[in-house]
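Here is the structure we will look at, set down as C-alpha cells.
Every number here is computed from the coordinates shown, using simple stated rules; none is lab data. Only a predicted model underlies this, so the values are computations on that prediction, with no experimental measurement involved. Cβ placement follows ideal geometry from the backbone for every residue including glycine, while neighbour counts extend to all protein chains displayed.
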Amino acid sequence: MPLKQFRLDTLKDLDDGRVHAAVNAALKMLALDCQDRPGNTAARKMSLEIRITPVVGQDGDCEDFDVMPFIKTSLPAMGGKAYRMAGNRAGMLLFSANNPEDHNQISVFDVNPETGEVDRSIDAE
C-alpha cells in the first residue's frame, strides 16, 4: 500500500479508523449531553490534539516522527439544586426523605401510627 500524507481527512485511515471513530463518539457525547441538560447553557468542548515528537538518529538529524493523537472532551459539571441540611456532632448530614427542601418540616409520614408521636430518628443505613 502506498504511503499517505497525514492530514485531517486521512485521520480515518489510522489504526483501522479508531481515532476517527473516537472523534465521532466524542461529538455524539457532547450532543447527547446538550439534549439531556438543555437548561445548562455552558459550552461542551471537544478538541483534537496532535503531538508530534521528533525521532533523532545517531547523526543528530530528525529521522522520523512519533505522532500521537489525543481526543479531549469537557462537559459542564453535573449538579443539582442546593439542599439545606441539618448536622449533628457525629458529622452526619441529615435531611427529611419526605421533604428534602426543609429538614425541619414535619410531615404526616414522620408520625408513628401506633403511638401518634413524631418519630424523627435517624436512618443510618
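Could you list all residues from region 1-12 that are free of Cβ contacts under 8 Å to residues at least 12 places away in the same chain and surrounded by 14 or more Cβ atoms within 10 Å (Cβ to Cβ)? The one that is free of Cβ contacts under 8 Å to residues at least 12 places away in the same chain and surrounded by 14 or more Cβ atoms within 10 Å (Cβ to Cβ): LYS12. Counting the residues of region 49-83 that are touching a helix residue (DSSP H, G or I) at 6+ places or on another chain (Cβ under 6 Å) and of a type outside the set (S, T, N, Q) gives 3. Pairs are defined by a Cβ separation below 9 Å, a sequence spacing of at least 6 or placement on different chains, a first member in region 36-64 that is under 22 Å from ARG18 (Cβ atoms), and a second member that is exposed (fewer than 11 other Cβ atoms within 10 Å of the Cβ) and of a type in the set (Val, Ile, Thr); the pairs so defined are ASP64/VAL55. Please find, among ASN40, ASN98, ASN88, the residue that is on the phi < 0 side of the Ramachandran plot and surrounded by 13 or more Cβ atoms within 10 Å (Cβ to Cβ). Among ASN40, ASN98, ASN88, only ASN40 is on the phi < 0 side of the Ramachandran plot and surrounded by 13 or more Cβ atoms within 10 Å (Cβ to Cβ).
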